[in-house]
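Here's the structure, in structure tokens; my notes come after.
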Amino acid sequence: MFYTHCSPDKETVNEDSLALVDIDPDTSVLMVADGLGGQPGGATASEIAIKALAQSLARAGSTPREAILEGFDRANHRIMDSGTGAATTLAVVEIQANQLRPYHVGDSMIVATGQRGKQKLFTVSHSPVGYAVEAGLLNEEEAIHHEERHLISNVVGAEDMNISMGSLITLAPRDTLLLASDGLFDNLYYEEIVALIRKGPLQTAARRLVELAHHRMALRDPGQPCHPDDLSFILYRPTTWPSRGF
């Protein structure tokens, strides 16, 4: 299940890109990219990243892990060679049967939760605020309202790009996996997201995420998160293969 839409407060194109690539009946790769640098550079950077990764995955003779890492490097060089100064985040999950491995650069997030809300995976944003939360210096309430939340310290399209690759995680039946751009996590609290995705039909969960995120973006209530932005995400469960939209 996937969704992508441009920010409700702008008329320019969506700077996010996403894709789902099936390698074989048991192996798929999910990816979400959030372009940085403004139009048209941001949209171009995210598209370059997704295409570079998909091309690497199409190569015969390499494992998914090798292809993904090569795709990150290929995307990084192509974006730098474009000379636009733009960059992108990139969150990727490799799924083989009931196991997944996360990879990410930037602040697009990856979450895996059990049906009862047990956290199995929550990636750390590559940003000063993300690292401060990880270190216990900021709580979620402080972080989501922080004036420097938009700053990112690691991107695809930079000489010093660094890929965070996680360990293998086993998914139980009915666990839920989420990849999302910061348009979701800048407008909804983690507990709200988990409550909406952990059970029930994925299509219903996706619609509720969209409705609440866009409500927050439009409401502009000082007591609630409000960061109008492009919004993209992919939802996946082992027993429900992602459908093409909703």
Exactly one condition in (1) loosely packed, with under 15 Cβ neighbours inside 10 Å; (2) assigned to a helix (DSSP H, G or I); (3) of a type outside the set (S, T, N, Q); (4) touching a strand residue (DSSP E or B) at 6+ places or on another chain (Cβ under 8 Å) is not met by Asp22; state its number. (2)
Considering every residue within the stretch 163-171, establish whether at least one is of a type in the set (S, T, N, Q), buried (at least 18 other Cβ atoms within 10 Å of the Cβ) and in a strand (DSSP E or B). no
Can you find a residue that is free of Cβ contacts under 8 Å to residues at least 24 places away in the same chain and within 28 Å of Glu94 (Cβ to Cβ) anywhere in the stretch 161-181? no
Some residue of the stretch 43-59 being among the hydroxyl-bearing types (Ser, Thr, Tyr), at negative phi, open to solvent by less than 40 Å² (accessible area, probe 1.4 Å) and at pLDDT below 95: no
Mind checking whether some residue in the stretch 25-45 is assigned to a helix (DSSP H, G or I), among the polar types (S, T, N, Q), under 17 Å from His104 (Cα atoms) and more than 16 Å from the chain's Cα centre (by Cα)? no
Members of the stretch 195-208 found to be part of a loop (DSSP other than H, G, I, E, B) and open to solvent by 50 Å² or more (accessible area, probe 1.4 Å), listed by number: Arg198, Lys199, Pro201
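If a residue has to be of a type outside the set (Gly, Ala, Ser), surrounded by fewer than 16 Cβ atoms within 10 Å (Cβ to Cβ) and either at positive phi or in a helix (DSSP H, G or I) (or both) to count, how many in the stretch 209-240 make the cut?
Restricting attention to the stretch 209-240, the residues satisfying the condition of being of a type outside the set (Gly, Ala, Ser) are 209-212, 214-217, 219-222, 224-231, 233-240.
Subset that is surrounded by fewer than 16 Cβ atoms within 10 Å (Cβ to Cβ): 211, 215, 219-222, 224, 239-240.
Within this subset, residues satisfying the condition of being either at positive phi or in a helix (DSSP H, G or I) (or both) are 211, 215, 219-220.
Residues flagged as of a type outside the set (Gly, Ala, Ser), surrounded by fewer than 16 Cβ atoms within 10 Å (Cβ to Cβ) and either at positive phi or in a helix (DSSP H, G or I) (or both) within the stretch 209-240 amount to 4.
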Single match in Ser17, Ser7 (criterion: open to solvent by less than 40 Å² (accessible area, probe 1.4 Å), in a loop (DSSP other than H, G, I, E, B), in contact (Cβ under 8 Å) with a residue 60 or more places away in the chain and within 23 Å of Ala180 (Cβ to Cβ)): Ser7
Answer yes or no: is there a residue in the stretch 131-152 that is open to solvent by less than 30 Å² (accessible area, probe 1.4 Å), more than 23 Å from Asn98 (Cβ to Cβ) and in contact with a strand residue (DSSP E or B) (Cβ under 9 Å, 6 or more places away or on another chain). no
Within the stretch 3-31, can you find the residues that are under 13 Å from Asp229 (Cβ atoms) and touching a Leu at 6+ places or on another chain (Cβ under 6 Å)? Thr4, His5
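The values are calculated or read from the model by the stated rules, or taken from the named source; none is laboratory data. These figures come from a predicted structure and were not determined experimentally. Cβ atoms come from the backbone with ideal geometry, glycine included; neighbour counts cover every protein chain shown. These accessible areas exclude ligands, DNA and RNA; they are computed on the full protein's heavy atoms, side chains included. Shrake-Rupley method; radii C 1.70, N 1.55, O 1.52, S 1.80 Å.
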